[in-house]
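Student: Below are the structure tokens for one structure; questions will follow.
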Amino acid sequence: MAIIKINTSEDKLKAYLTLIYDGKVPTERELLNTIRSAGIVHGIKYDVLRNLALNPTYNESIIVAEATMPKKGKPGYVELYKEKEEKKELKNNEKIDFREFAINIVTVYIGEKIGKIHPPTFGEPGKDVFGQKIPGIPGDPAKVILEKNAERDEEGYIIATASGELIIKKDIEGTLYLSVKEVYEINADVDFNTGNVKFPGKVIIRGSVRPDFVVEADGDIEIYGEIEAAKVISKETVKANGIKGGNKGYVKGKNIIARFAENAILESEESIYIDKSMINCKVIYSKEVVLDGYNSKIVGGTIKALNKVEAYYIGSPLGVNTEIEVGVDPKLYEEYKNLIELSKTETEQLKNITPQINNLLDKAKKTKIKNENIIYLKKLINKAKDLKFSLEKKKKRIIELKKEIESSKKAGVVIARKMLYPGISLKINNKQFRPEKAISTVQIMNIDDEIKLYAYVAEK
């Protein structure tokens with residue numbers, strides 16, 4: 001038999017056979033046995049061995065076995081849980097509020113899962129010429145870059161680290177860029193082009209909010225223009241150039257700041273600061289209402305504040321009716337008044353059905369009453385039980401509210417830096433005061449359940 005030499009590449013991916021002539025020609029089986037005795041068991045090229053046996057080539061390395069190469073796995077990818085929704089198609093005669101049908105943004109909240117980065121998979125494994133497994137090749141990782149306010153956790157989820165607008169961008173190479181923008185900016189009016197706005201961060205509007213539109217935000221709302229008979233609600237501060245309520249506009253925030261307000265409904269957890277004027281406004285609640293601009297005025301409307309109402313002028317020379325309450329938490333007082341009214345109504349209902357119950361019970365004692373009367377009697381008895389239970393519950397709450405109102409009373413004060421006019425109705429710690437004539441530079445308080453007037457002295 002000819003001399004047969006077997007060599008393999010360092011990476012074990014190929015096996016080579018070299019024949020050295022010694023006067024004998026090897027058979028195909030001899031070649032195969034020699035290869036196998038060298039430990040080569042995979043990827044053997046039987047056709048090459050057959051050809052060598054028939055037409056031997058000497059002193060030349062010939063590839064007689066090759067590995068099966070591993071395959072590359074599928075690439076990683078990003079699964080987004082929130083993306084821009086396609087605009088809804090309108091059906092015939094379908095009614096829709098076009099204020100809810102405009103700019104489409106994707107909002108996320110802090111801690112929310114934006115999506116998930118799925119890792120690449122491993123491809124099918126291969127085998128070297130010795131039959132040993134070659135691990136599959138992983139696919140390319142997902143092309144994604146997490147920018148501001150977006151992070152990946154240990155499980156691959158993309159987490160928003162702030163509330164705001166989800167910004168999704170992709171470059172020409174297919175790389176996805178994700179970030180969360182905490183401020184939503186509108187460089188125009190809020191109208192049918194923008195639609196209503198609901199945002200979990202801060203909102204800046206470089207225009208006005210047009211009538212009947214709604215702006216809601218968890219952060220500050222800053223409006224360069226005016227709020228025009230619209231609804232604006234913030235968990236923080238609402239700041240606007242002006243508020244034109246049109247007797248239906250509603251503004252709510254922890255603080256409200258504006259140059260003027262007219263014919264609007266206002267509600268604040270902390271303070272309302274108006275620069276120039278507040279005309280015919282209804283303040284549902286605020287700890288303080290302060291008009292600090294020079295010659296500022298409050299004319300008409302109702303104001304309920306816990307601690308203070310202050311302006312240069314309160315009321316008007318024409319005696320416009322203006323109601324101001326300070327010193328008592330208006331929310332508690334409103335609940336108290338509502339419970340009193342409901343208790344009166346339920347007491348009247350109980351008073352009306354009690355004789356009916358008694359009459360039916362008397363009849364039942366004297367004679368057999370009809371089945372429908374028995375059913376009606378049971379309904380009346382159950383109704384009476386419900387009313388008694390409800391009245392007892394309200395009675396307990398009314399007692400609690402009286403105590404809470406008493407303990408919540410503050411040293412409320414109303415300050416007119418220049419003039420307080422007749423036509424004003426003041427209630428300080430539930431004590432009424434109506435000035436009969438104009439009073440200049442005055443601050444009014446309730447001291448020991450008696451209205452006291454003091455000269456106002458500006459702080460230096």
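Student: Go through LYS304, LYS287 for me and flag whichever is in contact with a Pro (Cβ under 6 Å, 6 or more places away or on another chain) and at pLDDT below 95.
Tutor: Details: LYS287 fails: in contact with a Pro (Cβ under 6 Å, 6 or more places away or on another chain).
None of the other options fit; the residue is LYS304.
Student: Scan the range 117-163 for residues that are among the aromatic types (Phe, Trp, Tyr) and more than 42 Å from the chain's Cα centre (by Cα) and report the count.
Tutor: Let us first name the residues in the range 117-163 that are among the aromatic types (Phe, Trp, Tyr), namely 122, 130, 157.
Filter once more, keeping what is more than 42 Å from the chain's Cα centre (by Cα): 130.
Residues flagged as among the aromatic types (Phe, Trp, Tyr) and more than 42 Å from the chain's Cα centre (by Cα) within the range 117-163 amount to 1.
Student: May I pose another question? Can you find, within the range 63-102, the residue that is nearest to GLY39 (Cα to Cα) among those that are surrounded by 13 or more Cβ atoms within 10 Å (Cβ to Cβ) and at pLDDT below 85?
Tutor: Here the residue is LYS82.
Student: What is the residue count in the range 190-218 for residues that are touching a Ser or Thr at 6+ places or on another chain (Cβ under 8 Å), without any contact (Cβ under 8 Å) to a residue 40 or more places away in the chain and not hydrophobic (A, V, I, L, M, F, W, C)?
Tutor: 2
Student: Restricting the search to the range 166-197, which residues are within 21 Å of the chain's Cα centre (by Cα) and either modelled with pLDDT under 90 or not in a strand (DSSP E or B) (or both)?
Tutor: Listed by number, the residues that qualify are GLU182, THR194, GLY195, ASN196.
Student: Check every one of the strands (runs of 3 or more DSSP E) wholly within the range 237-332 and list those with 2 or more residues that are touching a residue at least 60 places away in the same chain (Cβ under 8 Å) and not assigned by TED's automatic domain parsing to the domain that holds ILE227.
Tutor: Hits in the range 237-332: 297-314, 322-326.
Student: Looking only at the range 123-142, which residues are farther than 7 Å from PRO70 by Cβ, touching a Lys or Arg at 6+ places or on another chain (Cβ under 9 Å) and touching a residue at least 12 places away in the same chain (Cβ under 8 Å)?
Tutor: Answer for the range 123-142, where residues must be farther than 7 Å from PRO70 by Cβ, touching a Lys or Arg at 6+ places or on another chain (Cβ under 9 Å) and touching a residue at least 12 places away in the same chain (Cβ under 8 Å): LYS127, ASP128, VAL129, PHE130, GLN132, PRO138, GLY139, ASP140.
Matching residues to (1) assigned by TED's automatic domain parsing to the domain that holds ILE145; (2) under 30 Å from ARG152 (Cβ atoms); (3) in contact (Cβ under 8 Å) with a residue 60 or more places away in the chain:
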| position | (1), (2), (3) |
| --- | --- |
| ASP22 | no, no, no |
| PRO26 | no, no, no |
| LEU31 | no, no, no |
| THR34 | no, no, no |
| ILE40 | no, no, yes |
| TYR46 | no, no, no |
| ALA53 | no, no, no |
| ILE62 | no, no, no |
| LYS71 | no, yes, yes |
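Student: So in the range 36-49, with the set limited to residues that are surrounded by 14 or more Cβ atoms within 10 Å (Cβ to Cβ) and in a helix (DSSP H, G or I), which one is nearest to the chain's Cα centre (by Cα)?
Tutor: If we take residues in the range 36-49 being surrounded by 14 or more Cβ atoms within 10 Å (Cβ to Cβ) and in a helix (DSSP H, G or I), then VAL48 is nearest to the chain's Cα centre (by Cα).
Student: Has the range 218-235 got at least one residue that is outside the structural domain of ILE110 (by TED's automatic domain parsing), in a strand (DSSP E or B), more than 22 Å from ILE303 (Cβ to Cβ) and of a type in the set (Phe, Trp, Tyr)?
Tutor: yes
Student: Which of the residues that make up the range 321-351 are among the β-branched types (Val, Ile, Thr) and surrounded by fewer than 16 Cβ atoms within 10 Å (Cβ to Cβ)?
Tutor: ILE340, THR345, THR347
The values are calculated or read from the model by the stated rules, or taken from the named source; none is laboratory data. Everything numeric here is computed off the predicted structure, so don't read it as measured data. Cβ sites come from the backbone with ideal geometry, for glycine too, and all protein chains shown count toward neighbours.
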